[in-house]
Amino acid sequence: MIDRSVPRRVLPAPEPRGAATVPAALPVRPRTGRLLVLATVFICAACGLVYELELLALGTYLIGDSVTQASVVLSVMVFAMGVGSLLAKRFRHRPAFGFGAIEAGLALLGGLSAIALYASFAWLGESRPALVGFSFAIGVLIGAEIPLLMVLIQRIRRQDAGGAVADLFAADYVGALVGGLAFPFLLLPMLGQLTGAMVTGTVNVIVGGGLVLWLFRRDLSRRCRWLLIGANVTVLAVLASATVLADDFERNARRAVYGAEVRVAVQTGVQELVLTGPRNGSPRSLDLYLDGRLRVSGYDEYRYHEALVHPAMTGPHTRVLVLGGGDGLAAREVLRYRDVSSVTIVELDPGVVRLARTDPMLSALNARVYEDPRLAVVTQDAFRWLRGPASGDRFDVIVSDLPDPGITPSTKLYSQEFYGLAARALRPGGRIAVHAGPMTTRPRAYWTVDSTLRAAGLRTAPYSAGGRLTGFAAGPDRTPHGVTDVPPQDWGFVLAARDQDPPLRVDRDTPALRSLSTRSLQDAARDAERTRVPGLPPSTLPHPRYS
(Lines give C-alpha, C1' and ligand atoms only; values in the text may rest on other atoms or scores of the structure.)
Protein backbone atom coordinates (compact mmCIF):
# COMPACT_ATOMS: atom_id res chain seq x y z
CA MET A 1 0.00 0.00 0.00
CA ILE A 2 1.35 3.40 -1.04
CA ASP A 3 1.49 6.08 1.65
CA ARG A 4 0.19 9.17 -0.24
CA SER A 5 0.79 11.48 2.76
CA VAL A 6 4.54 11.67 1.94
CA PRO A 7 5.25 13.95 -0.99
CA ARG A 8 7.27 12.39 -3.79
CA ARG A 9 10.62 13.90 -4.90
CA VAL A 10 10.38 15.22 -8.44
CA LEU A 11 13.47 14.38 -10.49
CA PRO A 12 14.52 16.52 -13.46
CA ALA A 13 13.98 15.02 -16.87
CA PRO A 14 17.13 13.51 -18.30
CA GLU A 15 18.87 15.63 -20.93
CA PRO A 16 19.29 14.15 -24.36
CA ARG A 17 22.60 12.55 -25.04
CA GLY A 18 25.02 14.20 -27.42
CA ALA A 19 28.37 15.88 -27.61
CA ALA A 20 26.83 19.28 -26.92
CA THR A 21 25.64 18.25 -23.45
CA VAL A 22 28.77 16.47 -22.23
CA PRO A 23 31.34 18.73 -20.51
CA ALA A 24 34.49 18.98 -22.58
CA ALA A 25 37.68 17.37 -21.29
CA LEU A 26 40.07 20.29 -21.63
CA PRO A 27 43.86 20.49 -21.17
CA VAL A 28 43.34 23.79 -19.28
CA ARG A 29 40.99 25.14 -16.66
CA PRO A 30 37.47 26.01 -17.87
CA ARG A 31 38.03 29.73 -17.33
CA THR A 32 41.16 29.68 -19.50
CA GLY A 33 39.41 27.57 -22.13
CA ARG A 34 36.54 30.03 -22.28
CA LEU A 35 38.95 32.95 -22.78
CA LEU A 36 40.67 31.05 -25.59
CA VAL A 37 37.35 30.49 -27.36
CA LEU A 38 36.48 34.20 -27.08
CA ALA A 39 39.95 35.15 -28.38
CA THR A 40 39.37 32.85 -31.35
CA VAL A 41 36.01 34.52 -32.00
CA PHE A 42 37.79 37.89 -31.93
CA ILE A 43 40.46 36.86 -34.49
CA CYS A 44 38.08 34.98 -36.78
CA ALA A 45 35.70 37.96 -36.83
CA ALA A 46 38.58 40.24 -37.82
CA CYS A 47 39.54 37.84 -40.63
CA GLY A 48 35.93 37.60 -41.81
CA LEU A 49 35.57 41.37 -42.11
CA VAL A 50 38.87 41.60 -43.99
CA TYR A 51 37.51 39.11 -46.54
CA GLU A 52 34.35 41.19 -46.88
CA LEU A 53 36.22 44.48 -47.33
CA GLU A 54 38.64 42.88 -49.76
CA LEU A 55 35.71 41.72 -51.92
CA LEU A 56 34.21 45.21 -51.77
CA ALA A 57 37.46 46.94 -52.69
CA LEU A 58 38.44 44.57 -55.48
CA GLY A 59 34.90 44.47 -56.87
CA THR A 60 34.83 48.26 -57.05
CA TYR A 61 38.27 48.37 -58.65
CA LEU A 62 37.55 45.71 -61.28
CA ILE A 63 33.91 46.47 -62.04
CA GLY A 64 33.42 50.08 -60.92
CA ASP A 65 30.45 51.77 -59.22
CA SER A 66 31.25 51.25 -55.54
CA VAL A 67 27.61 51.64 -54.46
CA THR A 68 26.47 48.75 -56.66
CA GLN A 69 29.33 46.46 -55.66
CA ALA A 70 28.87 47.23 -51.95
CA SER A 71 25.16 46.49 -52.22
CA VAL A 72 25.78 43.20 -54.02
CA VAL A 73 28.50 41.97 -51.66
CA LEU A 74 26.74 42.99 -48.44
CA SER A 75 23.28 41.73 -49.38
CA VAL A 76 24.55 38.40 -50.73
CA MET A 77 26.85 37.89 -47.75
CA VAL A 78 24.20 38.69 -45.13
CA PHE A 79 21.74 36.33 -46.83
CA ALA A 80 24.42 33.64 -47.00
CA MET A 81 25.18 34.06 -43.29
CA GLY A 82 21.58 33.13 -42.55
CA VAL A 83 21.94 30.06 -44.75
CA GLY A 84 25.15 29.14 -42.95
CA SER A 85 23.49 29.42 -39.54
CA LEU A 86 20.86 26.90 -40.63
CA LEU A 87 23.42 24.54 -42.14
CA ALA A 88 25.42 24.62 -38.90
CA LYS A 89 22.71 22.46 -37.29
CA ARG A 90 24.16 19.48 -39.15
CA PHE A 91 27.35 19.79 -37.07
CA ARG A 92 25.80 20.38 -33.66
CA HIS A 93 26.58 16.82 -32.52
CA ARG A 94 30.23 17.23 -33.60
CA PRO A 95 30.81 20.96 -33.03
CA ALA A 96 34.60 20.80 -32.70
CA PHE A 97 35.12 18.94 -35.97
CA GLY A 98 32.52 21.11 -37.72
CA PHE A 99 34.14 24.35 -36.56
CA GLY A 100 37.60 23.15 -37.58
CA ALA A 101 36.39 22.14 -41.05
CA ILE A 102 34.57 25.46 -41.50
CA GLU A 103 37.64 27.51 -40.55
CA ALA A 104 39.84 25.55 -42.96
CA GLY A 105 37.35 26.16 -45.79
CA LEU A 106 36.91 29.83 -44.86
CA ALA A 107 40.67 30.42 -44.77
CA LEU A 108 41.10 28.79 -48.18
CA LEU A 109 38.23 30.64 -49.86
CA GLY A 110 38.91 33.98 -48.20
CA GLY A 111 42.64 33.79 -48.77
CA LEU A 112 42.29 32.97 -52.48
CA SER A 113 39.26 35.16 -53.20
CA ALA A 114 41.27 38.19 -54.33
CA ILE A 115 43.52 36.22 -56.66
CA ALA A 116 40.50 34.36 -58.09
CA LEU A 117 38.59 37.58 -58.77
CA TYR A 118 41.59 39.15 -60.45
CA ALA A 119 42.19 36.01 -62.55
CA SER A 120 38.54 36.01 -63.63
CA PHE A 121 38.82 39.65 -64.67
CA ALA A 122 42.16 39.21 -66.46
CA TRP A 123 41.50 36.04 -68.45
CA LEU A 124 37.69 35.84 -68.70
CA GLY A 125 36.98 39.56 -68.87
CA GLU A 126 34.18 39.33 -66.27
CA SER A 127 34.42 39.10 -62.49
CA ARG A 128 30.80 39.61 -61.39
CA PRO A 129 29.94 35.88 -61.17
CA ALA A 130 33.11 35.24 -59.17
CA LEU A 131 32.29 38.19 -56.89
CA VAL A 132 28.79 36.87 -56.16
CA GLY A 133 30.01 33.29 -55.77
CA PHE A 134 32.75 34.12 -53.28
CA SER A 135 30.47 36.50 -51.36
CA PHE A 136 27.91 33.72 -50.96
CA ALA A 137 30.40 30.97 -50.06
CA ILE A 138 32.30 33.10 -47.54
CA GLY A 139 29.02 34.34 -46.05
CA VAL A 140 27.79 30.75 -45.55
CA LEU A 141 30.96 29.80 -43.68
CA ILE A 142 30.95 32.96 -41.54
CA GLY A 143 27.30 32.37 -40.66
CA ALA A 144 28.05 28.84 -39.48
CA GLU A 145 30.75 29.98 -37.03
CA ILE A 146 28.67 31.48 -34.21
CA PRO A 147 26.20 28.58 -33.70
CA LEU A 148 29.07 26.11 -33.38
CA LEU A 149 31.07 28.43 -31.12
CA MET A 150 27.96 28.78 -28.97
CA VAL A 151 27.89 24.99 -28.51
CA LEU A 152 31.63 24.84 -27.77
CA ILE A 153 31.59 27.59 -25.18
CA GLN A 154 28.61 25.99 -23.45
CA ARG A 155 30.52 22.72 -23.28
CA ILE A 156 33.32 24.44 -21.39
CA ARG A 157 31.05 25.99 -18.78
CA ARG A 158 27.28 25.98 -18.84
CA GLN A 159 25.72 29.43 -18.49
CA ASP A 160 22.48 31.08 -19.46
CA ALA A 161 22.03 31.45 -23.21
CA GLY A 162 21.72 35.23 -23.02
CA GLY A 163 25.06 35.62 -21.28
CA ALA A 164 26.84 33.28 -23.69
CA VAL A 165 25.41 35.09 -26.72
CA ALA A 166 26.41 38.47 -25.25
CA ASP A 167 30.00 37.32 -24.72
CA LEU A 168 30.30 35.82 -28.20
CA PHE A 169 28.85 38.81 -29.99
CA ALA A 170 30.95 41.25 -27.98
CA ALA A 171 34.13 39.42 -29.05
CA ASP A 172 32.78 39.17 -32.61
CA TYR A 173 31.99 42.89 -32.94
CA VAL A 174 35.26 44.06 -31.41
CA GLY A 175 37.16 41.71 -33.72
CA ALA A 176 35.26 43.12 -36.69
CA LEU A 177 36.31 46.61 -35.62
CA VAL A 178 39.97 45.59 -35.55
CA GLY A 179 39.71 43.86 -38.92
CA GLY A 180 37.91 46.83 -40.45
CA LEU A 181 40.68 49.20 -39.33
CA ALA A 182 43.53 46.84 -40.17
CA PHE A 183 42.45 46.42 -43.81
CA PRO A 184 42.83 50.03 -45.06
CA PHE A 185 45.58 51.17 -42.70
CA LEU A 186 47.79 48.09 -42.43
CA LEU A 187 47.09 45.21 -44.84
CA LEU A 188 46.27 47.15 -47.99
CA PRO A 189 49.19 49.64 -47.95
CA MET A 190 51.78 47.13 -46.70
CA LEU A 191 50.79 43.91 -48.47
CA GLY A 192 48.29 44.82 -51.20
CA GLN A 193 45.01 43.08 -51.91
CA LEU A 194 46.32 39.71 -53.08
CA THR A 195 48.97 39.05 -50.44
CA GLY A 196 46.88 40.72 -47.72
CA ALA A 197 44.02 38.28 -48.31
CA MET A 198 46.36 35.29 -48.24
CA VAL A 199 48.06 36.40 -45.03
CA THR A 200 44.62 36.84 -43.46
CA GLY A 201 43.68 33.31 -44.52
CA THR A 202 46.88 31.98 -42.96
CA VAL A 203 46.08 33.62 -39.62
CA ASN A 204 42.51 32.32 -39.88
CA VAL A 205 43.49 28.66 -40.39
CA ILE A 206 46.20 28.71 -37.71
CA VAL A 207 43.91 30.17 -35.05
CA GLY A 208 40.80 28.16 -35.96
CA GLY A 209 42.64 24.90 -36.44
CA GLY A 210 44.79 25.43 -33.38
CA LEU A 211 41.78 25.92 -31.13
CA VAL A 212 40.15 22.67 -32.23
CA LEU A 213 43.23 20.48 -32.52
CA TRP A 214 44.61 21.51 -29.13
CA LEU A 215 41.81 22.72 -26.85
CA PHE A 216 39.14 20.26 -28.05
CA ARG A 217 41.43 17.45 -29.24
CA ARG A 218 39.81 14.93 -26.88
CA ASP A 219 36.46 15.56 -28.58
CA LEU A 220 37.85 14.37 -31.90
CA SER A 221 38.07 10.80 -33.04
CA ARG A 222 41.37 9.67 -34.45
CA ARG A 223 39.97 9.83 -37.98
CA CYS A 224 38.54 13.36 -37.51
CA ARG A 225 41.79 14.57 -35.97
CA TRP A 226 43.86 13.41 -38.94
CA LEU A 227 41.31 14.79 -41.39
CA LEU A 228 41.57 18.24 -39.79
CA ILE A 229 45.37 18.08 -39.62
CA GLY A 230 45.49 17.16 -43.32
CA ALA A 231 43.03 19.90 -44.25
CA ASN A 232 44.88 22.59 -42.29
CA VAL A 233 48.29 21.58 -43.63
CA THR A 234 46.91 21.57 -47.18
CA VAL A 235 45.37 25.03 -46.75
CA LEU A 236 48.61 26.42 -45.32
CA ALA A 237 50.62 24.89 -48.18
CA VAL A 238 48.26 26.30 -50.82
CA LEU A 239 48.27 29.79 -49.27
CA ALA A 240 52.04 29.77 -48.84
CA SER A 241 52.56 28.70 -52.46
CA ALA A 242 50.12 31.32 -53.70
CA THR A 243 51.90 34.00 -51.67
CA VAL A 244 55.29 33.04 -53.14
CA LEU A 245 53.85 33.07 -56.67
CA ALA A 246 51.74 36.22 -56.19
CA ASP A 247 54.21 38.54 -57.95
CA ASP A 248 54.50 36.25 -60.99
CA PHE A 249 50.73 35.85 -61.11
CA GLU A 250 50.21 39.60 -60.92
CA ARG A 251 52.66 40.23 -63.77
CA ASN A 252 51.00 37.62 -65.99
CA ALA A 253 47.51 38.86 -65.14
CA ARG A 254 48.56 42.43 -65.85
CA ARG A 255 49.87 41.37 -69.27
CA ALA A 256 46.55 39.66 -69.95
CA VAL A 257 44.71 42.89 -69.12
CA TYR A 258 47.01 45.54 -70.53
CA GLY A 259 49.12 43.66 -73.06
CA ALA A 260 52.75 42.66 -73.00
CA GLU A 261 54.17 46.20 -72.92
CA VAL A 262 53.52 47.18 -69.29
CA ARG A 263 56.20 49.73 -68.45
CA VAL A 264 55.07 50.96 -65.03
CA ALA A 265 52.57 49.52 -62.54
CA VAL A 266 52.13 51.41 -59.27
CA GLN A 267 49.53 50.97 -56.54
CA THR A 268 49.11 54.35 -54.82
CA GLY A 269 46.95 55.08 -51.83
CA VAL A 270 44.17 56.12 -54.23
CA GLN A 271 44.30 53.82 -57.28
CA GLU A 272 46.42 51.60 -59.49
CA LEU A 273 48.45 53.40 -62.17
CA VAL A 274 49.62 51.45 -65.21
CA LEU A 275 51.65 52.80 -68.12
CA THR A 276 51.97 50.68 -71.24
CA GLY A 277 54.08 51.12 -74.34
CA PRO A 278 57.60 50.33 -75.56
CA ARG A 279 60.17 51.27 -72.93
CA ASN A 280 62.14 53.39 -75.40
CA GLY A 281 59.31 54.25 -77.75
CA SER A 282 57.54 57.39 -78.86
CA PRO A 283 55.16 59.14 -76.45
CA ARG A 284 52.47 58.53 -79.05
CA SER A 285 52.58 54.83 -78.17
CA LEU A 286 51.87 55.51 -74.48
CA ASP A 287 48.66 54.44 -72.70
CA LEU A 288 47.83 55.41 -69.11
CA TYR A 289 45.31 53.34 -67.14
CA LEU A 290 43.81 54.39 -63.82
CA ASP A 291 42.20 51.51 -61.92
CA GLY A 292 42.01 49.47 -65.10
CA ARG A 293 40.32 52.20 -67.16
CA LEU A 294 42.08 53.79 -70.10
CA ARG A 295 42.61 57.43 -69.19
CA VAL A 296 45.19 58.59 -71.76
CA SER A 297 46.03 57.21 -75.19
CA GLY A 298 49.08 58.80 -76.73
CA TYR A 299 47.70 58.44 -80.25
CA ASP A 300 44.68 60.70 -79.87
CA GLU A 301 44.79 62.33 -76.44
CA TYR A 302 45.48 65.70 -78.09
CA ARG A 303 41.97 65.66 -79.58
CA TYR A 304 40.45 65.23 -76.14
CA HIS A 305 42.59 67.89 -74.47
CA GLU A 306 42.33 70.42 -77.29
CA ALA A 307 38.52 70.11 -77.24
CA LEU A 308 38.42 70.37 -73.45
CA VAL A 309 40.74 73.34 -72.99
CA HIS A 310 40.78 75.70 -75.96
CA PRO A 311 37.08 76.67 -76.19
CA ALA A 312 37.29 77.82 -72.56
CA MET A 313 40.41 79.91 -73.30
CA THR A 314 38.43 82.22 -75.61
CA GLY A 315 38.41 85.39 -73.52
CA PRO A 316 40.47 86.39 -70.46
CA HIS A 317 42.65 83.53 -69.27
CA THR A 318 45.33 84.98 -67.02
CA ARG A 319 44.61 82.63 -64.10
CA VAL A 320 43.56 79.04 -64.82
CA LEU A 321 42.46 76.25 -62.48
CA VAL A 322 42.66 72.60 -63.56
CA LEU A 323 40.62 70.17 -61.46
CA GLY A 324 42.11 66.69 -61.85
CA GLY A 325 44.47 66.41 -64.79
CA GLY A 326 47.48 65.34 -62.75
CA ASP A 327 48.93 63.83 -65.94
CA GLY A 328 49.73 67.41 -67.00
CA LEU A 329 48.13 67.12 -70.44
CA ALA A 330 45.37 69.70 -69.90
CA ALA A 331 47.95 72.04 -68.35
CA ARG A 332 50.12 71.54 -71.44
CA GLU A 333 47.38 73.02 -73.61
CA VAL A 334 46.77 75.88 -71.17
CA LEU A 335 50.45 76.81 -70.97
CA ARG A 336 50.67 77.15 -74.75
CA TYR A 337 49.18 80.62 -74.17
CA ARG A 338 52.01 82.98 -73.29
CA ASP A 339 49.73 85.43 -71.48
CA VAL A 340 48.72 82.82 -68.89
CA SER A 341 50.33 83.94 -65.63
CA SER A 342 49.43 80.99 -63.37
CA VAL A 343 47.98 77.50 -63.56
CA THR A 344 46.87 75.60 -60.46
CA ILE A 345 46.34 71.84 -60.69
CA VAL A 346 44.23 70.25 -57.94
CA GLU A 347 44.90 66.50 -58.07
CA LEU A 348 43.81 63.94 -55.47
CA ASP A 349 46.50 61.35 -56.21
CA PRO A 350 50.12 62.48 -55.75
CA GLY A 351 51.20 59.30 -57.53
CA VAL A 352 49.78 60.60 -60.83
CA VAL A 353 51.72 63.86 -60.46
CA ARG A 354 54.90 62.01 -59.52
CA LEU A 355 54.54 59.75 -62.57
CA ALA A 356 53.88 62.72 -64.86
CA ARG A 357 57.02 64.43 -63.56
CA THR A 358 59.42 61.49 -63.69
CA ASP A 359 58.36 59.05 -66.41
CA PRO A 360 60.28 59.94 -69.59
CA MET A 361 57.45 59.11 -72.01
CA LEU A 362 54.66 60.73 -70.00
CA SER A 363 56.71 63.84 -69.29
CA ALA A 364 57.55 64.08 -73.00
CA LEU A 365 53.85 63.78 -73.82
CA ASN A 366 52.93 66.60 -71.41
CA ALA A 367 55.81 68.75 -72.70
CA ARG A 368 57.40 68.74 -69.21
CA VAL A 369 54.85 71.18 -67.89
CA TYR A 370 55.89 70.55 -64.31
CA GLU A 371 59.14 72.39 -65.03
CA ASP A 372 57.18 75.54 -65.91
CA PRO A 373 57.36 78.08 -63.04
CA ARG A 374 53.79 79.21 -63.78
CA LEU A 375 52.44 75.83 -62.66
CA ALA A 376 51.50 75.02 -59.06
CA VAL A 377 50.14 71.68 -57.76
CA VAL A 378 47.76 71.08 -54.85
CA THR A 379 47.33 67.49 -53.70
CA GLN A 380 43.79 67.45 -52.34
CA ASP A 381 40.21 66.47 -53.14
CA ALA A 382 38.83 69.10 -55.54
CA PHE A 383 35.54 69.46 -53.66
CA ARG A 384 37.30 70.02 -50.34
CA TRP A 385 39.78 72.45 -51.89
CA LEU A 386 37.09 74.62 -53.48
CA ARG A 387 35.21 74.66 -50.20
CA GLY A 388 38.24 75.27 -47.98
CA PRO A 389 40.80 78.06 -47.53
CA ALA A 390 41.15 78.52 -51.30
CA SER A 391 37.47 79.47 -51.60
CA GLY A 392 38.50 83.11 -51.89
CA ASP A 393 40.60 82.53 -55.03
CA ARG A 394 39.18 83.64 -58.38
CA PHE A 395 40.05 82.29 -61.81
CA ASP A 396 39.37 83.28 -65.41
CA VAL A 397 39.11 79.64 -66.56
CA ILE A 398 38.35 76.40 -64.74
CA VAL A 399 39.04 73.13 -66.54
CA SER A 400 37.31 70.10 -64.98
CA ASP A 401 39.36 67.15 -66.24
CA LEU A 402 37.79 64.45 -64.06
CA PRO A 403 36.77 60.78 -64.56
CA ASP A 404 33.35 60.01 -66.04
CA PRO A 405 30.39 60.96 -63.80
CA GLY A 406 29.12 57.38 -63.79
CA ILE A 407 32.08 56.27 -61.64
CA THR A 408 30.69 56.56 -58.13
CA PRO A 409 33.67 58.25 -56.41
CA SER A 410 33.43 61.01 -59.03
CA THR A 411 29.69 61.59 -58.62
CA LYS A 412 30.09 64.34 -56.02
CA LEU A 413 32.41 66.19 -58.45
CA TYR A 414 29.50 66.35 -60.92
CA SER A 415 26.92 67.60 -58.42
CA GLN A 416 25.05 70.89 -58.23
CA GLU A 417 26.89 71.71 -55.00
CA PHE A 418 30.27 71.20 -56.66
CA TYR A 419 29.40 73.36 -59.63
CA GLY A 420 28.11 76.02 -57.26
CA LEU A 421 31.52 76.12 -55.60
CA ALA A 422 33.23 76.23 -59.01
CA ALA A 423 30.97 79.07 -60.17
CA ARG A 424 31.88 81.02 -57.04
CA ALA A 425 35.57 80.64 -57.95
CA LEU A 426 35.08 82.24 -61.38
CA ARG A 427 35.97 85.85 -62.08
CA PRO A 428 33.36 87.95 -63.90
CA GLY A 429 33.27 86.72 -67.47
CA GLY A 430 35.02 83.50 -66.53
CA ARG A 431 34.31 80.10 -68.11
CA ILE A 432 34.35 76.50 -66.92
CA ALA A 433 34.97 73.55 -69.25
CA VAL A 434 33.69 70.18 -68.07
CA HIS A 435 34.42 66.69 -69.31
CA ALA A 436 30.89 65.25 -69.15
CA GLY A 437 31.43 61.65 -70.23
CA PRO A 438 30.24 59.81 -73.36
CA MET A 439 27.56 61.69 -75.28
CA THR A 440 26.17 59.03 -77.64
CA THR A 441 26.49 55.89 -75.52
CA ARG A 442 25.32 57.47 -72.25
CA PRO A 443 23.21 60.49 -73.22
CA ARG A 444 21.24 60.62 -69.95
CA ALA A 445 24.41 60.97 -67.89
CA TYR A 446 25.81 63.57 -70.29
CA TRP A 447 22.69 65.72 -70.30
CA THR A 448 22.38 65.37 -66.54
CA VAL A 449 25.75 67.14 -66.33
CA ASP A 450 24.34 69.93 -68.50
CA SER A 451 21.19 70.14 -66.35
CA THR A 452 23.28 70.21 -63.15
CA LEU A 453 25.46 73.04 -64.42
CA ARG A 454 22.39 75.07 -65.29
CA ALA A 455 20.88 74.37 -61.87
CA ALA A 456 24.04 75.86 -60.35
CA GLY A 457 23.32 79.16 -62.14
CA LEU A 458 25.57 78.64 -65.16
CA ARG A 459 24.75 79.01 -68.83
CA THR A 460 25.91 76.11 -70.96
CA ALA A 461 27.08 75.23 -74.45
CA PRO A 462 27.23 71.43 -74.99
CA TYR A 463 29.59 69.96 -77.61
CA SER A 464 31.74 66.93 -78.36
CA ALA A 465 35.30 66.41 -79.55
CA GLY A 466 33.83 66.37 -83.06
CA GLY A 467 35.27 65.41 -86.40
CA ARG A 468 37.26 62.38 -87.45
CA LEU A 469 40.92 61.69 -86.79
CA THR A 470 42.98 61.87 -89.96
CA GLY A 471 46.56 60.94 -89.34
CA PHE A 472 48.56 58.03 -88.02
CA ALA A 473 47.22 54.63 -87.10
CA ALA A 474 48.92 52.02 -84.97
CA GLY A 475 50.27 48.87 -86.55
CA PRO A 476 50.56 45.52 -84.79
CA ASP A 477 53.83 46.69 -83.22
CA ARG A 478 52.09 49.90 -82.03
CA THR A 479 54.31 51.92 -84.39
CA PRO A 480 52.45 54.77 -86.14
CA HIS A 481 52.23 54.26 -89.87
CA GLY A 482 50.15 55.43 -92.78
CA VAL A 483 47.38 57.99 -93.10
CA THR A 484 43.94 56.78 -92.17
CA ASP A 485 40.48 58.02 -91.27
CA VAL A 486 39.49 56.95 -87.74
CA PRO A 487 36.03 57.50 -86.18
CA PRO A 488 36.10 59.93 -83.24
CA GLN A 489 36.03 58.86 -79.64
CA ASP A 490 32.80 59.43 -77.72
CA TRP A 491 33.97 62.43 -75.73
CA GLY A 492 31.35 64.88 -74.54
CA PHE A 493 32.03 68.32 -73.03
CA VAL A 494 30.08 71.27 -71.69
CA LEU A 495 31.33 74.85 -71.73
CA ALA A 496 29.65 77.01 -69.08
CA ALA A 497 29.74 80.62 -67.94
CA ARG A 498 28.04 82.52 -65.15
CA ASP A 499 27.29 85.88 -66.75
CA GLN A 500 26.50 85.16 -70.41
CA ASP A 501 26.10 82.39 -72.96
CA PRO A 502 29.61 81.07 -73.60
CA PRO A 503 30.65 81.28 -77.26
CA LEU A 504 31.84 78.07 -78.90
CA ARG A 505 34.73 79.28 -81.02
CA VAL A 506 38.49 79.38 -81.26
CA ASP A 507 40.11 82.83 -81.31
CA ARG A 508 42.64 83.86 -83.92
CA ASP A 509 45.41 84.14 -81.34
CA THR A 510 44.88 80.50 -80.30
CA PRO A 511 48.07 78.43 -80.80
CA ALA A 512 48.04 76.14 -83.82
CA LEU A 513 45.68 73.21 -83.21
CA ARG A 514 45.66 69.80 -84.86
CA SER A 515 42.03 68.79 -84.50
CA LEU A 516 39.96 71.81 -83.52
CA SER A 517 38.49 74.84 -85.27
CA THR A 518 35.52 77.12 -84.82
CA ARG A 519 33.69 75.28 -87.59
CA SER A 520 34.33 71.86 -86.07
CA LEU A 521 33.08 73.14 -82.70
CA GLN A 522 29.87 74.44 -84.25
CA ASP A 523 29.35 71.12 -86.04
CA ALA A 524 29.98 69.30 -82.76
CA ALA A 525 27.42 71.49 -80.99
CA ARG A 526 24.78 70.63 -83.61
CA ASP A 527 25.60 66.94 -83.24
CA ALA A 528 25.21 67.26 -79.49
CA GLU A 529 21.75 68.76 -79.79
CA ARG A 530 20.57 65.70 -81.67
CA THR A 531 21.24 63.57 -78.59
CA ARG A 532 19.55 65.91 -76.10
CA VAL A 533 17.43 64.29 -73.39
CA PRO A 534 15.11 67.04 -72.09
CA GLY A 535 13.66 67.44 -68.62
CA LEU A 536 16.41 65.73 -66.65
CA PRO A 537 16.69 66.82 -62.99
CA PRO A 538 20.07 67.97 -61.66
CA SER A 539 22.33 65.68 -59.66
CA THR A 540 22.87 66.67 -56.02
CA LEU A 541 24.85 65.23 -53.14
CA PRO A 542 21.82 63.70 -51.40
CA HIS A 543 20.27 62.56 -54.70
CA PRO A 544 22.90 61.57 -57.30
CA ARG A 545 21.40 61.03 -60.75
CA TYR A 546 24.24 59.21 -62.49
CA SER A 547 24.27 55.45 -62.86
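If packing is taken as the average number of other Cβ atoms within 10 Å across a peptide's residues, how do 389-400, 105-116, 184-195, 88-99 rank, most packed first?
Packing order, densest peptide first, comes out as 105-116, 88-99, 389-400, 184-195.
The charge dipole of the chain, taken about its Cα centre with unit charges on the Cβ atoms of Lys, Arg (+1), Asp and Glu (-1) only, comes to about 1880 debye. Whole Å is fine, so just give me how far the alpha carbon centre of the stretch 314-369 lies from that of the stretch 73-100. Result: 54 Å between the Cα centres.
Only protein atoms count toward the accessible area here, which uses a 1.4 Å probe; on the chain, the carbon and sulfur part of that area reaches 59 percent.
Full extension of the chain between residue 499 and residue 92 yields a length gain of 139.2 nm, computed as 0.36 nm times the residue separation minus the alpha carbon distance. Scalar couplings 3J(HN,Hα) for the stretch 311-328, obtained by applying the Karplus form with A = 6.51, B = -1.76, C = 1.60 to θ = phi - 60°, are x, 6, 7, 6, x, x, 8, 5, 10, 10, 10, 10, 9, x, x, x, 5, x Hz; x denotes Gly and Pro.
Extension gain, residue 233 to residue 260, is 6.1 nm, computed as 0.36 nm per intervening residue step minus the present C-alpha separation. FRET efficiency for the residue 508 to residue 380 pair, using the beta carbon distance and R₀ = 30 Å, is estimated at 0.20. Per residue, the accessible area of the stretch 256-315 comes to 33 Å², computed with a 1.4 Å probe over protein heavy atoms only.
Please give the net charge around residue 461, taking every other residue with its beta carbon less than 14 angstrom from that of residue 461, where Lys and Arg add +1 and Asp and Glu add -1. Around residue 461, the charge tally is +1. Relative to the current alpha-carbon distance between residue 173 and residue 391, full extension at 0.36 nm per residue lengthens the span by 74.3 nm.
Can you give the % of DSSP beta bridges in the chain that are antiparallel, to the nearest 5? About 60 percent, rounded to the nearest 5.
Output the relative contact order of the chain, whole-number percent, from Cα pairs under 8 angstrom with separation of 6+ residues.
12 percent
Once you have a ≥ b ≥ c as the square roots of the Cα gyration tensor eigenvalues for the stretch 38-144, tell me rounded if a/c is under 1.5, and otherwise prolate or oblate according to whether a/b is larger than b/c. Note, shape of the stretch 38-144 comes out prolate. Taking a ≥ b ≥ c as the square roots of the eigenvalues of the alpha carbon gyration tensor, the stretch 309-443 is rounded, as a/c is under 1.5. Each peptide among 167-174, 326-333 gets the average number of other Cβ atoms lying within 10 Å of its residues, and from highest to lowest they stand as 326-333, 167-174.
Going highest first, how would you order 65-76, 215-226 by mean Cβ packing within 10 Å?
Numbers: 65-76: 17.2, 215-226: 15.3.
The densest-packed peptide leads the list: 65-76, 215-226.
If R0 is taken as 22 Å, the Cβ-Cβ distance between residue 268 and residue 368 corresponds to a FRET efficiency of 0.50. Within the shell defined by Cβ-Cβ distances under 13 Å, the residues around residue 51 carry a net charge of -4, with Lys and Arg each +1 and Asp and Glu each -1. To the nearest whole percent, what portion of all C-alpha pairs in the chain is separated by more than 43 angstrom? Looking at the chain, the distances longer than 43 Å represent 36 percent of pairs.
The values are calculated or read from the model by the stated rules, or taken from the named source; none is laboratory data. These numbers come from a predicted model, not from an experiment. A quick note on method: Cβ atoms are made from the backbone with ideal geometry, for glycine too, and the neighbour counts reach across all protein chains shown. Ligands, DNA and RNA are excluded from the accessible area calculation, which covers all protein heavy atoms including side chains. Shrake-Rupley method; radii C 1.70, N 1.55, O 1.52, S 1.80 Å.
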